[in-house]
1. Within segment 422-478, which residues are over 27 Å from residue 529 (Cβ atoms), out of contact with any helix residue (DSSP H, G or I) (no Cβ under 6 Å at 6 or more places or on another chain) and either at pLDDT below 95 or not in a loop (DSSP other than H, G, I, E, B) (or both)?
2. Under 6 Å by Cβ, and 6 or more places apart or on different chains, what pairs join a residue from segment 137-162 that is over 13 Å from residue 127 (Cα atoms) with one that is in a loop (DSSP other than H, G, I, E, B) and of a type in the set (Gly, Ala, Ser)?
3. Under the condition of being touching a strand residue (DSSP E or B) at 6+ places or on another chain (Cβ under 8 Å) and under 20 Å from residue 80 (Cβ atoms), which residue from segment 181-218 is surrounded by the most Cβ atoms within 10 Å (Cβ to Cβ)?
4. From 325, 287, grab the single residue that is outside any helix (DSSP H, G or I), surrounded by 15 or more Cβ atoms within 10 Å (Cβ to Cβ), out of contact with any helix residue (DSSP H, G or I) (no Cβ under 8 Å at 6 or more places or on another chain) and among the hydroxyl-bearing types (Ser, Thr, Tyr).
5. Please work out if residue 362 is crowded, with 24+ Cβ neighbours inside 10 Å, over 24 Å from residue 238 (Cα atoms) and in contact with a Leu (Cβ under 6 Å, 6 or more places away or on another chain).
6. If you go through segment 290-303, how many residues are in contact with a His (Cβ under 8 Å, 6 or more places away or on another chain) and either of a type outside the set (A, V, I, L, M, F, W, C) or surrounded by fewer than 18 Cβ atoms within 10 Å (Cβ to Cβ) (or both)?
7. Name the residues in segment 55-81 that are of a type outside the set (D, E, K, R) and over 18 Å from the mean Cα position of the chain (by Cα), would you?
8. Considering segment 479-490 alone, what residues qualify as being assigned to a loop (DSSP other than H, G, I, E, B) and of a type in the set (A, V, I, L, M, F, W, C)?
Amino acid sequence: MTAQADIVFENGSVFDGRRLLPASTRVAVSGNSIVGVASDIDALIGAGTRTVDLEGGLLLPGFTDAHVHPIEGGLERMRCDLSPASTRDEYLSIIRSYAEANPDLPWILGGGWQLAAFPGDVPQASDLDTVVGARPVFLASRDHHAAWVSTRALELAAIDRNTPDPADGRIERHADGSPSGVLQEGARLLVSRFVPEDTDEDNYSALLTAQHYLHSVGVTGWQDAIVGDYGNHSDTGDVYLRAAKNGDLTARVVAALWWDRNRGAEQIAELVARRDQLAHERFTASSIKIMQDGIPENQTAAMIDPYVVPAGCRCGADGLGSGLSFVDPAVLGDYVAALDALAFQVHFHAIGDRAVREALDAFAEARRRNGPSVNRHHIAHVQVVHPHDIPRFAEFDITANLQTLWASFEPQMVELNLPVLGDERAAWQYPFADLADAGAHLASGSDWPVTTPDPWAALHVAVNRTLPPDDADYTPQAFYPAQALTLEQALASYTSGSARINGHDVGGRVAEGFDADLVVVDRDPFASPAELISETRTRETWVRGRQVF
């Protein structure tokens, strides 16, 4: 400890990214880095040292969101944002007000609705027609696996009762076969290709909007889970690079380049070139996102056994099937092995137990060909994991990338997931404790704008397995509570665990020599009942010794 400190944080608790440090620990920062973590750091204090009084709160590493879509989140905040609402009538009121306030927009765009708000049915194009008129509408669902569209949007895409479902999606229909107004998974592309593309200026504004919001909840870095062309999702890599070069990107970001599931190994050379183009100190494109399946709410998550047919279901002769594997598992191992050999990290979306197994099988094949990997591969979501596959995460050094906020008895889970999963598979959901006990690395993310990016909401669910008590959908029944994490485990996954998969080897810790990416919160949640974790609020956020919130 030699450098004079610019800042000293004192009079509170310190979580170092792995454990809670002894009381009276103080933290000294000089320039970009942490230079002291001890009770006695008086030798570092000089006439110019600024003291930050924690006032009994907690100092911890900045959160790294390991799976998030910030530009999409920023765009939704700037457009027709349905996320604050939870009922059909509330959605339509917001849409009507937005349309009236923006009469010259050729399309009404936005999102944030959830299927559970339409019990026993799906959103209707006719409802949108009533509040918007003849304008086309494209509104992403909260989980971004479906779109609610108006009649005019369907007409522009020439979708009618004779339009076949695409191989990777489904058009929801009325009894006569005509489209009802919801497009699931790949069927969204039938309409989204007619939506005006977001401009670079749109995306730049959205990035800065999102970054400000993320800093306000303590997030100092993230992995953008889709950077590439996908439907009307434009490649935002150059937007990030511009922000990094301009100094506007204060966060440390890794891009997960999109794997086009309609192509094969021929795209790998393009991904290598794109990684080279996007190299920067604050922004790198070192990960590849492979979306292997969908979600159980619309029965597109890939399951080992078929979905259970709930009572009263209007199903075809084949029942509900067993979901979709978007990339042929017969060649998935070839792709992953090739990417691993080129020093790419692979970031899977896998929700169903079959998709998780297919991802693990692909990593096993990569290891067989290439040997142990240093690329810190990870599987996001891991909603349903077959018990036989739990130990394979540690065996192949695969990080489980958790979206812990989803592990509760919220309406979408109760009304849409549980009835089609059945009792046995329902109990396999979000097995956080089993993964930790088996030695798996854990990381955490929000998947915002699917759900809030506030880490404390997610941490609350990770520890309590219930939604926060002030949530409108709160129920006191814990969701398979044996799978709860301790607060220390959950915080570690969201700080040092997520920094690890982003390759931020001097981040995610409060330790000497590490980047001074720090968050000050208004209380010490270790000293309060677990039921109050969600009440924790960010007071200050620092990136490399600079206060950004």
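The values are calculated or read from the model by the stated rules, or taken from the named source; none is laboratory data. Everything numeric here is computed off the predicted structure, so don't read it as measured data. Backbone-built Cβ (ideal geometry, glycine too); neighbour counts: all protein chains shown.
1. Those that are over 27 Å from residue 529 (Cβ atoms), out of contact with any helix residue (DSSP H, G or I) (no Cβ under 6 Å at 6 or more places or on another chain) and either at pLDDT below 95 or not in a loop (DSSP other than H, G, I, E, B) (or both): 422, 423, 424, 425, 450.
2. These pairs meet every condition: 145/294; 161/177; 161/178.
3. The qualifying residue surrounded by the most Cβ atoms within 10 Å (Cβ to Cβ) is 183.
4. 287
5. Yes; evaluated as a whole, the condition is true for this residue.
6. Of the residues in segment 290-303, 6 are in contact with a His (Cβ under 8 Å, 6 or more places away or on another chain) and either of a type outside the set (A, V, I, L, M, F, W, C) or surrounded by fewer than 18 Cβ atoms within 10 Å (Cβ to Cβ) (or both).
7. Those that are of a type outside the set (D, E, K, R) and over 18 Å from the mean Cα position of the chain (by Cα): 56, 57, 58, 59, 60, 61, 78, 80.
8. The answer is 479, 484, 485.
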